[in-house]
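The values are calculated or read from the model by the stated rules, or taken from the named source; none is laboratory data. Everything numeric in this text was worked out from a predicted model, so none of it was measured. So basically every Cβ, Gly included, is an ideal-geometry build from the backbone, and we count neighbours across all protein chains shown. Note: areas computed on protein heavy atoms with side chains; ligands, DNA, RNA excluded. Shrake-Rupley method; radii C 1.70, N 1.55, O 1.52, S 1.80 Å.
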Amino acid sequence: MKLHHLLMGTALALVLPMVASAQTLPEGPYIGSQIGVNWLQDLDFKTATTTNKVKSKESIAAVFEGGYQFGDGLRLGIEGGYSLHQVDKISPALGNPIGDTTTFTLMGVVQKEFDTGSAFRPYVAAGLGWGWVDTDNVGPVFTAPYYSNAAQDNFAYQLGAGVAYALSPGLDLTIGYRYQGIDDLKFKNENPVYKTNYSSHSVLIGVRTVFGSVQEKPAQATTVVAPPPPPPPPPPPAPVAAPTITRNFTVFFDWDRSVLSADAQQVLQNVARDAKAGKIVQINVAGHADTSGPSDYNQKLSQRRAEAVREYLVSQGLPANQVAVEAKGETDLLVPTADGVREPSNRRAVIVFP
């Protein structure tokens, strides 16, 4: 659905620069209707061996809508749509093309309008629902004597953008564009069985009535008072105390791991904060391991733990050349244990501001 994402992104890019300030619209239920011109993209009727391209004439489309409008420009509603397209051309041609295609849709719709400080309010909209496509004597297709008379339904979606104009606080005139799609329509009861996708474009004009009122804030009474005497000159500023910072931190690791946990990352964010506040120019990081596993392996593991701490501190904005690392391996245990003991307190990295 890359095309649909592009259409929505374009609509947002057009309206977002015009947002001026928070608006207050009538809040309450609404009803409306739209009518306009609909262009149906060519339908590819595909069997296992044959594809016929059915081209249709543009037609009139109608939409009926209802729902609830919020005072901030958000609208939640339901739309019912109808269009009827007469067949114009079928290729490859097997005879004189006839027939028409009828489409019904029922959509849940969300729409957002944007205040411009005037009666004009741009909007973007999207909808999800269901669509029904009915072919009435469309043909000839596939073979010369065959005409399609079938109905199929599937999941449908739509995207739209346009502008509303306030004729009055509760009555809007709208004009906009709408793209609508229904994918994977499989006509399984036809002979031969075939499938197609439905895509259409519409330009619609409509009216909408909101049965609500603007929620105005109550006016506040004003009292005229005499101006106060000029204030005395401010006292001299108090000397700024040096920030209090922590100079020793410890983070812990899972067994045989050098990956920083969420808790460890939170500690290291505090390290970076205090280092910047205290203008620390040298940070020492010592990696440690418990006594489980070979000592030479634990030496390398403690090195990886110290380096993981340094990489995270650098990602928080500290210069790499100010963070020194060393590997302690199994030496300098926080909790003395015998060889081969898994002790969580010994699997750590210690960060010190010298």
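Both radii are taken from the alpha-carbon atoms of region 27-103; with Rh as the Kirkwood radius, Rg/Rh is 1.21. The residues Asp115, Asp44, Asp263, sorted by heavy-atom accessible surface at 1.4 Å with ligands and nucleic acids left out, run Asp263, Asp44, Asp115 from largest to smallest.
Angle of helix 295-315 to the longest C-alpha principal axis of the chain, folded into 0 to 90 degrees and rounded to 10: 60°. Axis angle, to the nearest 10 degrees, between helix 2-15 and the longest C-alpha principal axis of the chain: 80 degrees. Among the listed values (i) 22, 23, 25, 26, 4, 0; (ii) 27, 56, 16, 0; (iii) 27, 50, 13, 6, 4, 0, the one matching P(r) over Cα pairs in 20 Å bins from 0, in percent as calculated from this structure is (i). In the context of the full set of protein chains, region 250-305 has a per residue accessible area of 51 Å² (1.4 Å probe). Across region 62-198, the volume of the C-alpha convex hull divided among the residues equals 109 Å³ per residue. If the chain linking Phe211 and Ser118 were pulled fully straight, counting 0.36 nm for each residue of separation and taking away their Cα-Cα distance, it would gain 31.4 nm. Between the beta carbons of Leu171 and Ile98, assuming R0 = 41 Å, the FRET efficiency works out to 0.45 to the nearest 0.05. Determine, from the Cβ-Cβ distance of Asn191 and Leu128 and an R0 of 45 Å, the FRET efficiency 1/(1 + (r/R0)^6), rounded to the nearest 0.05. Efficiency, from the Cβ-Cβ distance: 0.85.
Test of understanding: what is the full-extension gain from Leu76 to Ala226, defined as 0.36 nm times their sequence separation minus their Cα-Cα distance?
On the way: separation 150, 0.36 × 150 = 54.00 nm, distance 5.06 nm.
My answer for the length gained is 48.9 nm.
Shape index of region 297-354: Rg/Rh, with Rg the Cα radius of gyration and Rh the Kirkwood radius from the inverse mean 1/r over Cα pairs, equals 1.02. Taking label positions 7 Å along the Cα-Cβ direction at both Asn149 and Ser295, the computed distance is 9.3 nm, reported to one decimal. Applying a DSSP loop filter and a limit of 13 other Cβ atoms within 10 Å to the trypsin sites (Lys or Arg not before Pro) in region 157-205 leaves Lys188. Over all pairs of different C-alpha atoms in region 130-185, the reciprocal of the mean inverse distance, the Kirkwood hydrodynamic radius, equals 14.6 Å. Counting only DSSP beta bridges whose two residues both lie in the chain, roughly 95 percent are antiparallel.
With each label modelled as a point 7 angstrom along the Cα→C-beta vector, the Ala48-Asn321 pair spans 7.2 nm. Taking a ≥ b ≥ c as the square roots of the eigenvalues of the Cα gyration tensor, region 202-354 is oblate, since a/c reaches 1.5 or more and a/b is not larger than b/c.
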